[in-house]
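Contents: one structure, followed by commentary.
The values are calculated or read from the model by the stated rules, or taken from the named source; none is laboratory data. All values reported here derive from a predicted model rather than from experimental measurement. Please note: Cβ atoms are built from the backbone with ideal geometry, for glycine as well, and neighbour counts cover all protein chains shown. The protein model used for the area step is the full one, side chains on, heavy atoms only, and it has no ligands, DNA or RNA in it. Shrake-Rupley method; radii C 1.70, N 1.55, O 1.52, S 1.80 Å.
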Amino acid sequence: MRKPKINRMVLAMCLGSFIMLIFYFQSHLKVAQDGGQARGPRKSVRSPLQALYTTDPTELSPLQLMHQSRRDLLEDVCQSYTHKRRVLIPEDLKHLIVDDRHGLLYCYVPKVACTNWKRVLMVLTGDSQRDPLQIPANEAHVPGTLRTLSEYSISEINQRLRTYLKFVFVREPFERLVSAYRNKFTRSYNTAFHKRYGTKIIQRHRAEASPEALERGDDVSFSEFVRYLVDPGTQREEPFNEHWERVHSLCHPCLIHYNILGKYETLQQDSSYVLKLAGVDGEVTFPSSAKSTRTTADMVASYFKDISSAYQKKLYNLYKMDFLLFNYSMPAYLKFT
Ligand SMILES: *[C@@H]1O[C@H](CO)[C@@H](O)[C@H](O)[C@H]1NC(C)=O
């Protein structure tokens, strides 16, 4: 018998694309009802994923067509920009929150209404019917309150990736970044971030820093923050904090084929759509956010006035995949061409 000498690399690559093909095709199948460990009575017999694909493709509503084109665009960008394909590992799934009762997988992205989505999922997976807004924000972020997909076994992970409705909410990348900067570095109460990141940023990126600034780390400027982000040493040392890490790295949208790509710009509409697909639109309403402290496009432009074009370009390149994958155009206030 001939013993074929199979190149290990080729084998690994085949295996990789095979596993990804499974994820890809199965997310488009009308899978049999299998709600995992469905506790309690269910109002809807269809899973949310089935609800998404039961409509006759010739009768799609404008909303459904818009979501379809968001998915198509993301697939196109993934195909043209990701050359090295790889397999998902459990470590990649730490941001995916699991709702076994309804069959939902939500990838949370900080600064994109993730507190409210976590609150809604606590209501959906919990036993008490509460108004999401009655859950204190800090309670929504306590580790272990909600289960993440990385905690499951490989076969449980695959089953959920195949049969659950997978969704993520994204936001214009620089709006999200400025929002993170304002929240973590300009509010006096965020002392943990000042100590953990602020002191380091000032030490490395401020000439002649005062001893108080080095000690407290509470007055980081936006341009110092930008220099910290684009410094290649920063990511060599440790991954970015999730508040400024790219969605591309947090949620792996080229490997996990999200069924719904929600946007912060259409938050209420996209959230209602997800809740409707889950069959819970009568039970829980997505909280409408307070607009008072919201970071606006004008505000973002004013922060970028202080950034040199060379650094603007470096920063854009750092967040480029998030701009491309989610169809955000390059901001007009950027000065480089
Ligand atoms: C992408 O953005 C452009 C400009 O904002 C818009 O006209 C187009 O419909 C968007 N495409 C998708 C697929 O969302």
Flag for Lys320 being over 26 Å from Trp117 (Cα atoms) and open to solvent by 50 Å² or more (accessible area, probe 1.4 Å): no
Cβ-Cβ under 6 Å pairs, at least 6 apart or on other chains, segment 66-77 side assigned to a helix (DSSP H, G or I), far side of a type in the set (S, T, N, Q) and near the ligand (Cβ under 9 Å from one of its atoms): Leu73/Asn327
Helices (runs of 4 or more DSSP H) fully within segment 254-337 counting 3 or more residues that are within 16 Å of the ligand (Cβ to nearest atom): 267-277, 309-325
Some residue of segment 285-297 being under 20 Å from Tyr181 (Cα atoms) and surrounded by 16 or more Cβ atoms within 10 Å (Cβ to Cβ): yes
All positions within segment 163-213 that are over 30 Å from Arg71 (Cβ atoms), crowded, with 17+ Cβ neighbours inside 10 Å and of a type in the set (Gly, Ala, Ser): Gly198, Ala209, Ala213
Filtered residues of segment 85-101 (kept if open to solvent by less than 20 Å² (accessible area, probe 1.4 Å) and farther than 13 Å from Ile256 by Cα): Ile97, Val98, Asp99
Listing of helices (runs of 4 or more DSSP H) fully contained in segment 121-197 that carry 1 or more residues being more than 30 Å from Ser329 (Cα to Cα): 137-140, 154-163
Matching option when the condition is open to solvent by 60 Å² or more (accessible area, probe 1.4 Å), away from the ligand (no atom under 16 Å from the Cβ) and modelled with pLDDT under 95, among Thr82, Thr115, Thr58: Thr58
